[in-house]
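The values are calculated or read from the model by the stated rules, or taken from the named source; none is laboratory data. None of the values given here were measured: they were computed from a predicted structure. FYI the Cβ positions are ideal-geometry reconstructions off the backbone, even for glycines, and counts take in every protein chain you see.
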Amino acid sequence: MPKNVSKKTFYVTTPIYYINAKPHIGHAYSTIVADVLARWHRNLGEETFFSVGTDEHGAKIAEASEKQGLPPKEFADIMSEKFRECWKLLNIQYDDLIRTTETRHKESVVSFMQELYKRKFIYQAEYEGWYCKGCEKFLTEKELVSGMCPDHKRPAEWIKEKNYFFKLKKFLPKIQQMICDGDMQIVPKKRENEVLSLLKQNLPDFSVSRQNVRWGIPLPFDPTQTIYVWVEALQNYISILGFSTTAAQQGERFQKFWPADVQIIGKEISKFHCIFWPALLLALALPLPKKFLVGGFFTFDGQKMSKSLGNVLAPKTLVERFGVDGTRFLLLSQFPYGEDGDIALAGCVERYNAHLADNVGNLVSRIGTMIQKYLQGRIETHPEKQIILEETNKSIEERFSALMARDQIQEALLSLFEASTKLNQHIEEVKPWKLAKTHPTILKQHLLSWSHTLHVIGRCLAPFLPNTGERIQRAFRGPEFQNPGILFPKIS
């Protein structure tokens with residue numbers, strides 16, 4: 001069922017986040033990256049759909065809600081709202097948010113699972129093995145470290161129960177072929193290599209249900225079993241589009257936007273997304289996502305974030321100090337997407353001042369002041385203003401677009417600050433304060449040219465720093481200079 005539209009479309013997804021804890025900067029980072037891509041593709045004139053969501057079923061949620069003295073659904077309502085509030089705080093312009101407790105998700109999942117069973121890709125068997133309650137997944141002996149889950153640092157439990165299994169092995173050769181042929185891209189290359197390495201490990205069929213977990217979606221063909229939380233969570237990417245195996249009930253969104261163009265995920269869930277998810281889709285003859293952008297691990301001041309260490313950094317903490325656009329910049333600019341990265345709070349102040357206050361912020365103020373002083377606030381729209389830096393402006397946009405097309409998010413953002421630095425240097429070389437006395441006409445051409453370059457920078461910057469990009473564009477659009485005020489107050 002490929003996309004069937006005349007206008008070019010773009011569909012980007014974030015992982016749906018587990019609601020056992022509040023949003024942190026790891027959640028924020030992935031979601032901001034998706035927001036940047038969605039805004040950029042909208043600016044390209046593409047019909048864009050950007051989905052986010054919350055993962056609300058499973059034993060961990062039931063346990064967390066019990067500790068709070070709340071029914072699971074009431075707990076889920078409270079926690080899901082915290083994510084919604086966080087995305088509003090960070091100016092995330094998503095199109096829809098899916099909750100796995102919603103009826104539309106449950107109906108879509110039931111339809112999907114029933115069809116898998118009908119096509120005989122699901123069978124019942126007894127499972128015996130190691131299970132991590134924190135991950136809510138089974139682990140192999142190889143994955144354990146001294147008998148403990150490597151992520152949660154606590155002993156795995158030996159579990160024996162009857163489950164339903166999905167025939168994964170049947171689809172592994174096809175998935176490997178599609179990755180190698182580039183039909184399903186995994187970016188960056190190192191993450192692709194990790195997935196290909198997993199595919200060579202003769203992965204076993206996986207369980208799609210649990211026997212003793214009550215907070216979840218019952219299997220349609222055996223209500224005594226609950227659909228494994230991560231199996232139904234993966235299906236959010238199509239349930240949000242209105243997927244159904246019944247043609248008459250198939251959502252218009254699904255017809256228009258599936259397959260996803262980009263799915264943003266973290267490397268800790270790459271096996272589920274890049275192997276298990278494609279296998280489930282292939283079983284129903286559905287198109288696979290075109291690309292997975294796989295992010296690395298986050299540390300804070302050199303340490304892995306954890307509740308026990310008390311160093312889980314909430315996005316609100318950064319926003320209160322650096323503002324919304326300042327926070328977006330600090331998260332996006334510190335390391336290339338796909339690499340493991342560290343956020344050092346002390347270094348954030350220096351980075352904010354150097355790039356935002358002293359570079360772009362100062363440049364906007366500097367050129368704006370000169371336009372008011374020497375041009376009486378008029379930015380004329382005749383061709384003269386494009387003469388001096390026309391090639392520069394073209395190269396700024398071309399380089400930026402090329403980096404974005406290669407998914408080099410950090411590099412694309414920093415290229416705009418390099419352009420700003422060069423423009424600041426050019427102003428120093430031109431010495432406008434001298435030209436004002438000797439060659440006012442030439443100064444006018446320079447000022448009009450610089451304002452046009454700033455408008456280009458603002459337009460490219462808008463997907464990353466929406467408020468800042470819009471203020472710069474509005475200021476230098478003409479014919480009247482619109483004073484944007486201080487973009488980034490210096491922080492001591």
Just a yes or no: is a residue in region 284-305 closer than 30 Å to ARG477 by Cα and not assigned by TED's automatic domain parsing to the domain that holds TRP230? no
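For region 51-73: of the residues being among the charged types (D, E, K, R) and under 27 Å from the mean Cα position of the chain (by Cα), which is surrounded by the most Cβ atoms within 10 Å (Cβ to Cβ)? I'd like the intermediate steps shown before the answer.
Going through region 51-73, the residues among the charged types (D, E, K, R) turn out to be 55-56, 60, 63, 66-67, 73.
Filter again for under 27 Å from the mean Cα position of the chain (by Cα), leaving 55-56, 60, 73.
Details: ASP55: 26, GLU56: 28, LYS60: 20, LYS73: 13.
So, considering only residues that are among the charged types (D, E, K, R) and under 27 Å from the mean Cα position of the chain (by Cα), the one surrounded by the most Cβ atoms within 10 Å (Cβ to Cβ) is GLU56.
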Helices (runs of 4 or more DSSP H) wholly inside region 385-459 containing at least 3 residues that are over 15 Å from GLY368 (Cα atoms), aliphatic (A, V, I, L, M) and assigned by TED's automatic domain parsing to the domain that holds ASN353: 390-405, 409-430
Count of residues meeting criterion [farther than 24 Å from VAL349 by Cα and either in a loop (DSSP other than H, G, I, E, B) or among the hydroxyl-bearing types (Ser, Thr, Tyr) (or both)] in region 468-492: 6
Can you list residue pairs whose Cβ atoms sit under 8 Å apart, with the first residue in region 46-69 being closer than 17 Å to LYS137 by Cα and the second being modelled with pLDDT of 95 or more and among the acidic types (Asp, Glu)? Count only pairs 6 or more apart in sequence or on different chains. HIS57/GLU232
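Working only within region 1-50, note down all residues that are of a type in the set (Gly, Ala, Ser), surrounded by fewer than 15 Cβ atoms within 10 Å (Cβ to Cβ) and modelled with pLDDT of 95 or more. Outline the logic, then answer.
Taking region 1-50 as the starting set, the residues that turn out to be of a type in the set (Gly, Ala, Ser) are 6, 21, 26, 28, 30, 34, 38, 45.
Those still in the list that are surrounded by fewer than 15 Cβ atoms within 10 Å (Cβ to Cβ) too: 6, 21, 45.
The one that is of a type in the set (Gly, Ala, Ser), surrounded by fewer than 15 Cβ atoms within 10 Å (Cβ to Cβ) and modelled with pLDDT of 95 or more: GLY45.
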So which helices (runs of 4 or more DSSP H) stay within region 13-97 end to end and still have 2 or more residues that are within 18 Å of GLN235 (Cβ to Cβ)? 72-89
Reported set for region 130-171 where residues are under 22 Å from PHE297 (Cα atoms) and among the aliphatic types (A, V, I, L, M) is LEU139, LEU144, VAL145, MET148
May I ask you to say which residue of LYS118, LYS142 is at pLDDT 95 or above and surrounded by fewer than 18 Cβ atoms within 10 Å (Cβ to Cβ)? LYS118
Strands (runs of 3 or more DSSP E) fully within region 256-320 counting 2 or more residues that are buried (at least 17 other Cβ atoms within 10 Å of the Cβ), among the hydrophobic types (A, V, I, L, M, F, W, C) and in contact with a Cys (Cβ under 9 Å, 6 or more places away or on another chain): 291-295
Tell me, which residue of region 364-378 that is under 39 Å from the mean Cα position of the chain (by Cα) and polar (S, T, N, Q) is nearest to VAL456 (Cα to Cα)? SER365
